[in-house]
Structures are given as C-alpha cells and as structure tokens.
Amino acid sequence: MYAVVGCNECGNLWLLADPDSQESATCSRCGKRHRVAKLKRFYTDEDREAARQARAALLANKRDESESFAEVAHVADLERQLEDAGVDDREYLAEAGLDPDEIQSAGENARVGAGQSSTRSREEIVRDGVERVEKPTESEVVAYASERGVPEDAARTLLERLVRRGEASESGGRYRLL
C-alpha cells in the first residue's frame, strides 16, 4: 500500500510506503516528524506507479498547471520519453571525433584513483550530492557531482529529472531526496 501524504508544516507531498504499519514518518523537505495516523492521506493505492501519478497530479494542481498536466502522458511514459530524447553521451562523443570507450576508461580510472568505485552511475553521484553536501543547492550538488566526473550540464539535467520523477524535491533553492 502506498499513500500520498502531506506535511502540515511546509506543504510537501510525498509517497509513504505501508502507511498502516508505520507509527511515524519524517517530511523529506523540512524534516518534521509526523504521527502517520494524523497525516492527511490525499491518495492511497496498492500500485506505486498509481500513487506517483496521483502525487504528480496533486503537485501540478498546486502549481496551477492542471491543464498542462492533463495534456501529458503518464509520469512513467514521460520518464521514458525523457530518456529517449536527445543524443546519448556515446553518440555525442563519437560525433565530436572522440573515442567513447577511451573516455569511459579514462573516467573510470580517474574515479578509482580518487577512491571512488567505478560502478557509480552519474545519477547515483548526483543523489549522493543531494544527500551529502551541507546545503544541497543546485550549484553545490552540481559542484559535488562535477568533482566526481559528472559534467555540469549532465548533473543539472539529472537533478531536474529526479524532481520531475518525484524522487527529489526542491524548496527554497534546496534539494532533498524523497
């Protein structure tokens, strides 16, 4: 069971898994601890994707974007479209006359040399930045990711994507993972 719940302190909406089995939950934006029984449930469903879609609709309505939201596909479809949009990194590098395999190898060597595992994806690095920097603003998260081999534009795009997918939120210029 998934529930879309809201914080009475900051107005944040987030997904809560198994709300009937939890006694408390912490707002992902402001950090306020709530008794689950007292949280307002805007939507509940067994399906996580349905709950994500409901949360996205509620957020669109909150921002007076209901009409625009009604014109788009399901949130999961938008994610797939976003992944398919544009040119992937390998194609971009090859078209620029660079060898993508050499660049990947050099990047992996640099990360391992810096003490990082070569298995961290760009998205994981951006997520790490949101969690680890003291003030997770866009510039701080991008700087964190950039120091770990993620191009600045890619870090910004990944941060936006996390927010659009409902996996992160932004409030007052600061980001939190949901």
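The values are calculated or read from the model by the stated rules, or taken from the named source; none is laboratory data. From a predicted model like this one, the values you see are computed outputs, not experimental measurements. Please note: Cβ atoms are built from the backbone with ideal geometry, for glycine as well, and neighbour counts cover all protein chains shown. The accessibility values were calculated without ligands, DNA or RNA, using every heavy atom of the protein model including side chains. Shrake-Rupley method; radii C 1.70, N 1.55, O 1.52, S 1.80 Å.
Summary table below
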read-out	value
Any chance Ala50 is at pLDDT below 85 and either in contact with a His (Cβ under 9 Å, 6 or more places away or on another chain) or open to solvent by less than 60 Å² (accessible area, probe 1.4 Å) (or both)	no
Count of residues meeting criterion [at pLDDT 75 or above, in a helix (DSSP H, G or I) and acidic (Asp, Glu)] in region 78-121	5
Cβ pairs under 8 Å, 6+ apart, first in region 147-158 and closer than 17 Å to Pro136 by Cα, second of a type in the set (S, T, N, Q) and open to solvent by 20 Å² or more (accessible area, probe 1.4 Å)	Arg148/Gln116; Glu152/Ser146; Ala155/Ser146
Filter pass, Leu15 being closer than 21 Å to Glu131 by Cα, modelled with pLDDT of 90 or more and buried (at least 19 other Cβ atoms within 10 Å of the Cβ)	yes
Positions within region 122-150 being among the basic types (Lys, Arg), part of a helix (DSSP H, G or I) and open to solvent by less than 70 Å² (accessible area, probe 1.4 Å), in sequence order	Arg127
Filtered residue count, region 26-47, keeping only those that are within 30 Å of Ala70 (Cβ to Cβ) and either open to solvent by less than 40 Å² (accessible area, probe 1.4 Å) or assigned to a helix (DSSP H, G or I) (or both)	3
Filter pass, Asp64 being outside any helix (DSSP H, G or I) and open to solvent by 70 Å² or more (accessible area, probe 1.4 Å)	yes
Given (1) assigned to a loop (DSSP other than H, G, I, E, B); (2) without any contact (Cβ under 8 Å) to a residue 12 or more places away in the chain; (3) not hydrophobic (A, V, I, L, M, F, W, C), index of the condition Gly166 fails	(2)
